[in-house]
């Protein structure tokens with residue numbers, strides 16, 4: 001069904017492309033948000049990726065490759081959003097006033113803030129492989145294809161990202177226990 | 001340590017937390033935006049052609065042989081007169097029919113753009129260095145370019161990609177691939193073109209001579225793109241801009257031909273050639 005939709009969209013069928021947006025939009029948005037940690041920039045990245053996909057779809061020979069192709073466009077759009085945002089907000093940390101609030105009690109507000117900060121210190125390239133593998137559940141080979149690096153580089157980026165997040169959580173819990181003892 | 005304080009559990013929960021539904025306003029913006037986007041033209045897809053029976057197939061083949069043969073004789077007589085963009089070809093018949101849809105490349109084009117602010121990327125995988133505008137997004141190749149896979153997919157992982165920022169409206173690819181011993185540029189193009197672009201006839205007429213690091217080659221204008229080809233020491237080096245020369249998106253570069261000219265003006269072959277396939281990691 002998806003392949004047929006891609007073929008119709010490639011031929012200029014806007015309705016078919018809209019159905020592809022409905023099918024893939026949620027996952028694209030979930031990925032973009034987790035890479036950028038910003039609702040509005042994630043929306044911009046998804047919009048940019050889909051519009052580029054529409055523009056360039058006639059060149060896509062193999063409709064079966066639509067999904068990895070779209071994710072590649074999305075990741076590039078996220079990189080660009082990150083770079084554009086950095087130009088405007090160097091050294092300014094934007095507090096998410098209306099951002100998503102954690103509903104899971106496993107993650108305290110402190111933990112969430114700690115992880116957000118640690119994650120935002122990572123490069124968008126590290127964030128992208130982490131999100132594509134651990135959130136979207138893509139195999140390493142597909143992640144490598146999407147972000148444009150060898151599998152070995154994906155592994156090292158994943159390792160670095162996980163270590164950074166673990167270290168942040170551990171350091172935070174040590175500070176908490178020290179403060180508790182002092183109190 | 002309890003499970004609630006296991007860093008991995010906390011990280012997994014934190015990662016899953018957050019929005020998962022594309023907001024309706026974004027969806028609407030995409031749908032409305034479709035109507036304002038110029039679209040690339042579709043390349044010919046052979047499987048869409050009607051299925052022929054054997055007699056029709058034989059008749060069509062005979063007709064093609066006659067037409068191509070006649071045109072080959074015509075083209076060879078023209079080629080002997082020495083056109084500047086003529087490619088050495090092992091199968092001249094496949095690339096001599098003039099195309100009405102693509103204007104011939106002007107014989108004299110302006111020089112390259114100013115590249116003083118461009119960044120240099122070294123492609124160990126493909127054995128060259130090349131510069132690109134500092135604000136473009138670079139995505140290095142993830143694997144070796146192959147005719148079977150990558151000629152059909154201009155965004156695949158077999159080429160180094162350069163995408164214009166911020167809206168990624170213009171893309172340039174660069175890669176190289178070993179060609180069979182004794183194969184000419186024209187023979188390689190005959191195999192590559194039908195998989196990748198169009199028209200594949202009249203290439204000689206649309207070719208402009210070009211130089212890459214002192215090596216001769218050609219820049220060819222196709223309907224939807226402009227590509228440069230250099231056959232050096234048994235390896236084909238290709239730089240492709242996925243926009244037609246007169247597309248509005250490349251007007252700021254004075255056209256796709258000039259943009260490709262500029263890219264190749266910065267290109268240098270690495271002394272040792274490409275790294276072996278198994279040990280050519282792209283930069284992280």
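Here are a few things to note about the model shown:
- The mean number of partner chain beta-carbon atoms within 10 angstrom of a residue's beta-carbon across peptide B:129-142 is 3.
- Were the residues from residue B:21 through residue B:5 laid out at 0.36 nm apart, the gain over their Cα-Cα distance would be 2.9 nm.
- Modelled FRET efficiency - R0 41 Å, residue B:122 with residue A:116, Cβ distances, 0.05 increments: 0.70
- Alpha-carbon centroids, the range A:125-168 and the range A:1-73: separation in whole Å: 21 Å
- Relative packing of peptides B:257-267, B:212-222 - highest average C-beta neighbours within 10 Å first: B:257-267, B:212-222
- Other protein chain C-beta atoms within 10 Å of residue C-beta, averaged over A:60-69: 4.
- FRET efficiency, 1/(1 + (r/R0)^6) with R0 45 Å, evaluated for residue A:1 and residue B:134 via beta carbons: 0.55
- The relative contact order of the range B:180-284 comes to 19 percent, based on Cα pairs under 8 Å that sit 6 or more residues apart.
- From most to least packed by mean Cβ count within 10 Å, the peptides B:245-254, B:198-207 give B:198-207, B:245-254.
- Simple spin-label estimate for residue A:167 and residue A:26 in nanometres, 7 Å along Cα-Cβ: 3.7 nm
- Averaged over the residues of A:72-78, the number of partner chain Cβ atoms lying within 10 Å of the residue Cβ comes to 3.
- Among B:30-38, A:149-157, sorting by the average number of other beta carbon atoms lying within 10 angstrom of each residue, highest first, gives A:149-157, B:30-38.
- Here the range B:260-274 and the range B:145-210 have alpha carbon centers that stand 16 Å from each other.
- Modelled spin-label separation between residue A:108 and residue B:32, with each label point placed 7 Å from Cα along the Cα-to-Cβ direction: 4.5 nm.
Computed from the coordinates by the stated procedures, all read-outs in this text should not be read as laboratory data. What you see is a predicted model; the values in this text were computed from it and never measured. Every residue, glycine as well, gets a Cβ built from its backbone with ideal geometry; the counts of neighbours run over all protein chains shown.
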